[in-house]
Every structure is written in C-alpha cells, then in structure tokens.
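The values are calculated or read from the model by the stated rules, or taken from the named source; none is laboratory data. Everything numeric in this text was worked out from a predicted model, so none of it was measured. Using ideal geometry, Cβ is built from the backbone for each residue, glycine included, and neighbour counts are taken over all protein chains shown.
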Amino acid sequence: MRRLIFYLVLCALLAAGCGEGPQTASRDKAPDLARERSSALLVSLKARQSRVVALCQLAAKAAPAFPELAREYLDLALNTAQSLADPQTRDQVEKASQRALAQKTDEPKHEIAEIDQLSRAAWPLALVARSALVVNLELAAKALELGLERARSNPDPQARDRDLAEIAMVMGRSQAPRARRLAAGIISDQIRARAWRGLAELTRQPQDLSEAVRADQLIAEPGTGALSLTQTARQAYDWNPEQGLRLFRQAFAMAGKVASSKRRALLQAEVAEALARLDAKAGFDLARKVDPEQGVRFKPLHTVAKVLLASDPILGRQVMDAAIREAQKLPLSYERHRALAGLAADLALTDQPAAMALLEQLPGSEYLLRADAEAAMVLAQAAKNVKLAAVAAQAIGDGYVRLGVLARLADIAMPIDPAMGRGLYRQVLSEAARMGTILPGRALIRAWAALDAETAIRLAGDVSQPVARAQTLVILAKFLHESGKKAGAEWSLQLALEAIKMINVQETLDKVRLLGDMGREWSVIKAGQARRYFALGAEAAKDLG
Amino acid sequence: MAIVLSAFFFSAGLAQASDPDLCLACHGRKLESGRVTLGSLAWSGPVEEETQSLCPGVIRAKQELFLTESRLVRLSAALVEQQARGVRLKDLSAELHLLSDRYHTLLNQPVVSLSGMSASLGGLRSELDRKVQAPLWRLGRARTRLSWVGTILVLFLGLVFAALLGWRRRLSPPQEPLPLRLAREGRLGWLMEREAGQPEDEGEGRT
C-alpha cells in the first residue's frame, strides 16, 4: 500500500513537472523573442562596423599596387557604413526601443542604447573618407558629407562630439578652414582639445595648438584637464620645447588641484613621466615634486633613469637607485617584482652585478618576470663572448624568451662561427618542436631557413593556432622567396591559405588583415596571385555582417 | 588589497559602458598603421597610475594585462611551491609554460577593439583557471583530504590497538590465589613460616 502511494505521488510530481514546462515557455515567449531580435540587430550592426574597418584596411593595402581594387573596396565600405542608418535599420532600432520601453528591467534598455548608438555612429563614414583621400577624392567628400549629417543628427552629445572630432581630423587634410569651424563647434572641452590637436598635427599651425590649450584649460575636472593638457604639451614640445615645457608645468599644477591626495600624486607622476620621455632632467625635477606615496614616483624615475643612463651615466645611476627605492615601496608583490625586473633589464648593459643583485630579489619561480632581464644580460654578454652567452642563455626560465635569445645568438654567431650558429639554430628548432610552443616568428624563421627550407615549412605548419600559423607562414614565404627558394615560398603560401581558411568567424578581422598582408607582399612579386589574395580578403570581409 | 583593486577595476569598467568598442572610432588617425600592439601597453608602473588615462581602451588593456600576467606569475609560484613539497606536477608545469607562450604571442597582436582584447586575454585567464588553477586546487584539496584520512586512520588504528590490548588482558586466565600457586610450587611452607614471623636470615638460608 505504501509503495502504491509512493508511486502515485511520483507520477503526480512528474505530471506537474511536464505540464509546467510548456506553460512557462509560452509565458516567456514574447519577451524572449523581442530580446533575440535586439541581440541579432546588435550583432549585425557590430559586424557591419567591423566590415567597414576590414574593407578600409584592405583598401589601404591594395591602393599602392591596385588603386582600382582599393576604390572597389571603399565603395563597398561606404555602402556598408550607410546601411548602418538606412531606413530599414532605423525602423528595426525604433521597434526595439519601443519593446525595451515596455520592459521593466534596465538590461534591454542598455542594449537598445548601444544599438541606437551603433546605428548613429558617424566614425565609419569618417574612416571611409580618410581611406579614400588617397584614391578617390570624390568618394571621400561624399563620405565626409554623409558623416557630418549623421553626426549632427545624433542626440547623444558625447558621441556626436566624438564623431565630429574624427570628421574634423579628416577634413583638415583638404578643407582646413571648414575643419576649424567644425572643431570650434564641439561642445565637450576634452574632445574639442583632441580635435584641435589633430588639426594642429595636420596643418602645423601654432594657433590650432593654442586652441587646444584653451580647450584643455576649460575642462572642469582638473585631473582630466591635466591629462589632456599633457597630450597637448607633448605635441607642442616637438615644435617649440620652451612652450612645451611651460605647458607641462601647467598640467602638473592643474593635477595638483585634484582633491584626493592619492589621485593627485598618480596624475602628477603621469605628467612627470610624459615630460621625462622628452626631457629627462626637466622630468626629474617634476618627479621630485610628486608626493612620495607607495611607490608612485617609480614610473617617472624609471623613465628618467633609462634616458639618463645613455647620456649622463653618473646621474642616471643615481636616479636608478632612487627608482629602485621607489620600486621597493610598491605595495603589491607582483608589481614590486615586475618593477625590479624592469630595472634589472635596464641595468644589464651598464652594470651586470647590480642587475644580478636586483634579480636575486625575485623568486626563481617568477620566470615570466625575470625573462627580459635575463635575456638582456645574456645579450650584453654576447658582445664579449658568444659561447659564454650561449651557455648562460640555457638558464633563462621562460621558454619563449629563451628560444628568441638563442635564435639571436645564432644570428650573431653565424658570421663568426658558422658551426656554432647552425648548432644553436638546431637546438632552437628541436626545443621548439619538443615544447610544441607557438614560435616567436621572425627569429625562428631565420633559424629554419638557414638550415633547411623543407623542415622550416613543416615546422611552421605545425604551429597550433591558425592565426599565428598563417602569420608565420606568410613571413616565411617572403623570406624563402627573397632567398631564391621559390618552390618553398609557393608551398609556404599554400599552407598559409589553408591556415587562413581555418580561422574562426570571431577572428575574421585577423583573416582579412592576413590576406591583405599577403596581397601587399606579393603585389611586387606576382600581381595575379596578389589580386587573388585581395579578392579572398574582400570575400572574408563580406562575410562579416 | 585584492578587494580594493577589484572595486577599482569594476568602477572603471562601469565608466566605460558608453564608449565605442572599436579603437578606430576615436584613434583613426593613429591606428592607420595598425602598429599598436598589446605589448606596447605592457606594465610600466603601478596599475592605478597607468589607468589614469583618457582612453578607455588603454585603461581596459592595462587592467586586462595586469590581471593576466599577475595570475600567470602567481600560478608559477604556486607550482614551484608544490614541487618543493615533493608533489609531481610535470603536466601542469608544461601546461603553464604553453599558456605563458600564448601570452607572449598575444602581446605581439595589434589592438583592434576593447571586446577583442578582453576576449583574448579573458580566454587565456579562463584557460589558466581550468587547466592549471583548478587542478592545483583539486590537488591541494586531495592532499588535505589525504592528511585528514591519514590522521583518522592513525587514530583508528591506535584505538583498535588499545582495544586489542584491553581485550587480551581480559582474555588471559584469572590468576590463581597466591597460596594455591605456592602450594603447587612447593613453597607454601616458606610462606607460612614467614607469616609466623620467622627471622629473615633463616628464611634466606632455606632458600
């Protein structure tokens, strides 16, 4: 009897479970469909933007040898960019917005806002115009006008200003006065400053840069203002170092107005570091004024030391010691060790014992951080004794860096001791094959080609990731062609094409980039083959969206 | 510190919500050559300082690189620590080296979009979690479990041993009363004399 009751209860539960499924599904059906439509639209718009980028990049690579192909790709790119806001797409966006408004959660609304901005984006048109300036001025002008119209109709002020700035920076090449009027009309001070900087770079007119400074000074938030003014100062320094220095000091003072002491120190350190790249001593003066808080001064002091080690070794060494002290203050052990490893790499050329002492502070297990410093020390030694350097290179913990260093040592050894060079190349190849690693491209290609073209192609064909494999094979093909091994080059290209076909949809931009590279490289060798690569690239780009 | 950094990264991420995904949207002029690689944005100072940038792409790259590289370093240290304790981890070590190599190749790739960059570095991190960190944790848990099982086993064996001893003592035949035993050994007379208070030296002489 008990068993009967148990089975009855079980059947009832099962029946309830089966009955609930379709009901729930039908209840959720309407919102799910709406969501799916919005997601599909989002994916389609993103893919169309990527297609514009891919076609413009392909056109840029095709333009020198095949301008007619470039024009064709740019036409396609323009059509795609226009389709982002065609009436049908706008209608879909409107419907999606209405559906989102009916929903109570914020998530679909956020997605709709993104869709709306994707369809209103004018930068794809600016990109087409920029690419067309070289091959088709008419098309460039058309794209610019369309872009301007679209940007001006964008209700989002930030996105509108961003697009107007991009358009102004393209327009400045052919219509500077109009571009200036456009830049002056940008509302956001930060974006206006960027537009003026871009224009100044094109026109080389000091008044354009002065406009950028004026816009920087109007930025309400002192931290953002300081960073923007730093960029303007960097540009000004190239033209007029005195003016640049003055602007850097203004940026430093502006960063000093930030209320939070931590952020103030971080921003001032950034300004000092940017200056140190151009003028180490002036950067050092600013770096010394930064609040010494938890290693904040490390970055500017490191840059100053790097620059000074080459020009003023004594002062450079003193600043390096200060940078070491700052590095020790960094609170996170990863950052502390990263900083010490970087300093050791810089010291490797001038003071090996000091570099070793710094490296000893790092645990041996952190081979990834130690690798650059170890490589720098080995390569510094190679100038004196390649054989000793080759022995020392075996101790580099990071396999990828070790192989790269050994390949470079082989390059150095080849003219002095060819047997040793070949031995090192052989070691590199066997180790790479044993590790099954993705190979550090060019360095190993030299190793392969020096030994045996056939082995080289086979090993390159074994690289596991299709993008990396195709990239390696393309470089190898060019190298083999230059060495007169034409059959090997053809075979390598064939394998590269096979690898490109295996690249997945998410990496289509890489696919187009690689085919474009192949087309550009081969345009001077075999025009017909190059055209084929470009055509394949265009096909891949069309698959986007 | 980790919590503070997470909160900082999270808030920075929120600030980027409305920014365009493709770098070309804002840097069309500078990215024409396609030469900006992830490696050019590698760590060069405290991550908090480096994320004081006007470009959301740079901020995202710095954060992603920080998270990925620090995880690689932490895991390599953890593996070495385990190996020093005598645990054999050859497979995990090889896996970590392969993922480190992949990290190096990612650094050579050009930067195209925020989502692409996050996807490649995030993918690497999830592989690190799946192929190295999770097995390492499982191994750590298994070792802890093993030591607990060992402790319990030792305690159990101790208890069993003690119980066996007690049981054996109980099993041994009850000892006969002393007089009976002495009578069987032919020494009862000596006892009786001793109890009657005879001098000891005499007793000794008898034996």
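Selection of the range A:210-226 for residues being outside any loop (DSSP other than H, G, I, E, B) and either within 23 Å of A:Arg263 (Cα to Cα) or modelled with pLDDT under 95 (or both) yields A:Val213, A:Ala215, A:Asp216, A:Gln217, A:Leu218, A:Pro222, A:Gly223, A:Thr224, A:Gly225, A:Ala226. For the range B:59-118, a residue qualifies if it is of a type in the set (Asp, Glu) and under 15 Å from B:Leu139 (Cβ atoms), and the qualifying residues are B:Glu81, B:Asp91, B:Glu95. Among residues of the range A:383-395 that are surrounded by 11 or more Cβ atoms within 10 Å (Cβ to Cβ), those with a Cβ under 8 angstrom from a residue that is of a type in the set (S, T, N, Q), sequence gap 6+ or separate chain, pair up as A:Leu388/A:Gln381; A:Ala389/A:Gln381; A:Ala392/A:Gln381. Counting only helices (runs of 4 or more DSSP H) that sit wholly inside the range A:458-522, those with at least 3 residues that are touching a residue at least 40 places away in the same chain (Cβ under 8 Å) and on the phi < 0 side of the Ramachandran plot are A:466-482, A:508-522. Just so you know, in the range A:282-297 the residues that are buried (at least 20 other Cβ atoms within 10 Å of the Cβ) and over 13 Å from A:Gln268 (Cβ atoms) include one that is farthest from the chain's Cα centre (by Cα), and it is A:Phe284. Pairing residues of the range A:529-540 that are within 14 Å of A:Lys61 (Cα to Cα) with residues that are among the β-branched types (Val, Ile, Thr) and surrounded by 16 or more Cβ atoms within 10 Å (Cβ to Cβ), at Cβ distances under 8 Å and at least 6 apart in sequence or on separate chains, gives A:Leu536/A:Ile500; A:Gly537/A:Val512. When the range A:125-140 is filtered for residues that are in a loop (DSSP other than H, G, I, E, B), away from chain B (no Cβ under 13 Å) and among the aliphatic types (A, V, I, L, M), only A:Val135 remains. Taken over the range A:246-273, the residue count meeting the criterion of being surrounded by fewer than 16 Cβ atoms within 10 Å (Cβ to Cβ) and either within 10 Å of chain B (Cβ to nearest Cβ) or touching a helix residue (DSSP H, G or I) at 6+ places or on another chain (Cβ under 6 Å) (or both) is 2.
Kindly indicate whether any position in the range B:125-136 is in contact with a Gly (Cβ under 7 Å, 6 or more places away or on another chain) and touching a residue at least 40 places away in the same chain (Cβ under 8 Å). No, every residue in the range B:125-136 fails to be in contact with a Gly (Cβ under 7 Å, 6 or more places away or on another chain) and touching a residue at least 40 places away in the same chain (Cβ under 8 Å). With respect to the conditions (1) in contact with a helix residue (DSSP H, G or I) (Cβ under 7 Å, 6 or more places away or on another chain); (2) within 12 Å of chain B (Cβ to nearest Cβ); (3) surrounded by fewer than 17 Cβ atoms within 10 Å (Cβ to Cβ), A:Arg178 falls short on a single one, namely (2).
Of the helices (runs of 4 or more DSSP H) lying entirely inside the range B:18-115, those containing at least 1 residues that are among the small types (Gly, Ala, Ser), away from chain A (no Cβ under 11 Å) and over 30 Å from the mean Cα position of the chain (by Cα) span B:56-84.
Screening A:Met320 on (1) surrounded by fewer than 23 Cβ atoms within 10 Å (Cβ to Cβ); (2) more than 10 Å from every other protein chain (Cβ to nearest Cβ) shows it passes everything except condition (1). Of A:Ala183, A:Ala143, all but one fail to be surrounded by 15 or more Cβ atoms within 10 Å (Cβ to Cβ), in contact (Cβ under 8 Å) with a residue 40 or more places away in the chain and over 25 Å from the mean Cα position of the chain (by Cα); the exception is A:Ala143. Annotation: A:Ile438 fulfils all but one of (1) at pLDDT below 90; (2) in a helix (DSSP H, G or I); (3) under 22 Å from B:Asn108 (Cβ atoms); the unmet one is (2). Evaluate the following for A:Ala200: is it in a helix (DSSP H, G or I), over 30 Å from A:Ala274 (Cα atoms) and within 13 Å of chain B (Cβ to nearest Cβ)? No; evaluated as a whole, the condition is false for this residue.
I'd like to know if the range A:66-76 contains one or more residues that are under 19 Å from A:Arg37 (Cα atoms) and either within 14 Å of chain B (Cβ to nearest Cβ) or in contact with a Phe, Trp or Tyr (Cβ under 9 Å, 6 or more places away or on another chain) (or both). No, the range A:66-76 contains no residue that is under 19 Å from A:Arg37 (Cα atoms) and either within 14 Å of chain B (Cβ to nearest Cβ) or in contact with a Phe, Trp or Tyr (Cβ under 9 Å, 6 or more places away or on another chain) (or both). Can you name every one of the helices (runs of 4 or more DSSP H) wholly within the range A:347-396 that holds 2 or more residues which are touching a Ser or Thr at 6+ places or on another chain (Cβ under 7 Å) and either of a type in the set (Gly, Ala, Ser) or within 19 Å of B:Glu69 (Cα to Cα) (or both)? Helices (runs of 4 or more DSSP H) meeting the threshold: A:367-382.
Among the numbered conditions (1) more than 13 Å from every other protein chain (Cβ to nearest Cβ); (2) in contact (Cβ under 8 Å) with a residue 24 or more places away in the chain, the only one that A:Gln243 does not meet is (2). Can A:Ala151 be described as touching a Lys or Arg at 6+ places or on another chain (Cβ under 7 Å), buried (at least 22 other Cβ atoms within 10 Å of the Cβ) and either closer than 26 Å to A:Ala54 by Cα or not β-branched (Val, Ile, Thr) (or both)? Taking the combined requirement at face value, the residue satisfies it.
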